[in-house]
Amino acid sequence: MHKFDTFLVCLDLSNKDRQVLSHASVLVKSLQPTKLVFFHSLHKDEEDERVKDSSDEALSKLSNRIADWFESDVSLETEYFVCDGPPIREIISFATASKVDLVLCGKSTRKHHHDLLPHKIARRAPCSVLLLPHDSHVSFSRILVAADRSEHSRQALCVASRISDRNDDAKVILVEAIDMPYGSQMSIGANRFVDLRKSATEQLRKFARASEMDEVRFDVVIASNLKASTAILEVARKRSATMIVMGSKGKGAVAATILGSTVENVAKGTDIPLLIVKSVKRVN
């Protein structure tokens with residue numbers, strides 16, 4: 001089972017932190033980590049005109065900010081990490097050295113705002129990453145899982161199943177984009193085209209059952225003649241998905257810290273939370 005023992009929760013000490021903290025508080029109940037690390041960087045870019053806090057001030061603000069969310073949970077170990085260096089470097093370094101399992105960070109949904117930091121974290125972090133749009137609602141009632149029946153998508157499905165288990169009415173929507181040549185319905189015949197879609201649907205259902213998913217808890221969607229990222233975003237919109245879960249790699253991908261183009265495109269195109277599940281081999 002994919003473990004999530006340590007969360008690294010990235011906060012910028014603005015009103016946007018509420019989104020990150022509210023999602024973290026819900027995921028603690030589902031994924032049951034043993035430790036939360038709350039991260040803040042004092043580093044400011046040239047365009048940021050806010051007055052820089054001291055380390056002590058930042059630590060005080062961090063502890064006050066999380067008190068209402070996690071203080072009552074005595075089983076959780078909490079830690080604060082305030083640094084002076086550039087956030088991306090410090091986050092990656094800390095996540096690697098401390099064997100972090102999940103990084104949570106906010107992201108802008110403004111179309112003109114590139115918001116490069118969360119995308120760099122998603123690309124370079126050695127662990128799973130949850131990108132949280134600042135105006136997203138806390139709801140895991142309809143979780144879309146990108147499934148290509150690879151081991152990485154199986155892990156993503158297992159994580160989605162654990163999250164959805166906290167909500168009796170939750171649905172997991174499995175989406176697979178199958179590569180069928182343009183005009184295939186005409187070239188191979190309508191009946192054969194339907195048979196191919198039915199076969200793909202049954203294979204995906206078997207994949208879900210093999211992952212111990214309750215059949216009444218999931219739906220299957222097969223998208224043909226669409227790029228995978230386009231299919232995922234389109235189905236997420238049509239099915240009113242509240243979260244997307246993806247493996248960081250699909251079939252034939254390379255290193256664990258390199259995202260595939262499908263994940264990159266979904267990360268840029270979605271305005272709902274995106275959980276990127278990465279396989280991490282621990283060395284004891």
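Laboratory data are not the source of any read-out in this text; all were calculated from the coordinates shown. What you see is a predicted model; the values in this text were computed from it and never measured. Every residue, glycine among them, receives a Cβ derived from its backbone with ideal geometry; neighbour counts consider all protein chains shown.
When the listed pairs 198/238; 16/61; 29/268; 16/99; 198/227 are checked against a 24 Å cut-off, the alpha-carbon distance exceeds it for 29/268; 16/99. Peptides 87-93, 207-213, 272-278, 64-70 ranked from most to least packed, by the mean per-residue count of other Cβ atoms within 10 Å: 272-278, 87-93, 207-213, 64-70. The modelled label-to-label distance for the pair residue 279/residue 135, using points 7 Å beyond Cα in the direction of Cβ, is 3.9 nm. Placing dummy labels 7 Å off each Cα toward the beta-carbon, the span from residue 53 to residue 169 is 3.7 nm. The value obtained for region 198-248, namely the Cα convex hull volume divided by the number of residues, is 106 Å³ per residue. Residues of region 127-163 with the amide nitrogen closer than 16 Å to a label point 7 Å from the Cα of residue 226, along Cα-to-Cβ, please. The answer is 143-148.
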